[in-house]
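Worksheet for the structure shown next.
Values quoted throughout were computed directly from the atomic coordinates according to the rules given, and no laboratory measurement underlies them. From a predicted model like this one, the values you see are computed outputs, not experimental measurements. Cβ atoms come from the backbone with ideal geometry, glycine included; neighbour counts cover every protein chain shown.
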Amino acid sequence: MTGWLQRAGGIIAARWRWFWGTRNPGPDTAASERGRLGEEAAATFLREKGWKIVARNWRHGRDELDLVAWDGEVLVFGEVRTRAAHAPVTGYHSVTRRKKHALARAVRAYLRGLEQRPAHFRFDIVEVRVSDGAVPEVMLHAGIPLLPNHLPPIRNDGRRP
C-alpha cells in the first residue's frame, strides 16, 4: 500500500473506533496495567467475602461484564472501576448513563444464555483505588439501579410468555 493510503486507512479506523466507543487502551499501557491490577484486586476481595466468581470479562458483542459472581443465592453482575487515588472522579460516579445501557444489554444477554434464570440478581460497582506502591483500596457499591424494577418473565425454555 502506498503511504497516503495507509494514513487514510488509519484515520478511518481511528474515527470508526471513536464513533463506536471502543477506546481500548491497548495491552501495554499504564491504564491497561492499572485496570488488570484493579480487576485482580476486586476478584480477590470478593472471593475473601465468600463470593463464587463464575465469569470474568464476559463479552457479548461490544458489551462486557467484568465480573459475574454468586453472593449466596444472588447472582451479581459487577463493574470494576479502577481509579488512581488522586483521581477527581470516583469509580462510582464514572459509570455514565451510556455505560449503564451497555451493561444492561450485557446483563440481559447473559441471563438469556442461562438454562434457568436465578431468582435474584443485582448489579454492583466494585471501585478500586490505587496509588504507587500501596495496597489497592477496594470498595463495594451494592445494588446499583441498572435495570427497571421488573423484567418480563422468561420461561425456562428462554422464551417470553
Handout entry: Ratio of the Cα radius of gyration of segment 30-141 to 2.2 N^0.38 Å, where N counts its residues
Key = 1.06
Practice task
Give a residue-ordered list of calculated ³J(HN,Hα) values for segment 42-55 (Karplus: 6.51 cos²θ - 1.76 cosθ + 1.60, θ = phi - 60°; whole Hz; x for Gly, Pro).
Solution key: 5, 4, 4, 4, 5, 4, 5, 7, x, 7, 10, 7, 10, 7
Completion exercise
In debye to the nearest 20, the charge dipole size for segment 30-141, taken about the Cα centre with +1 at each Lys and Arg Cβ and -1 at each Asp and Glu Cβ, equals 560
Exercise for the section: Whole Å is fine, so just give me how far the alpha carbon centre of segment 72-103 lies from that of segment 112-139. Expected result: 8
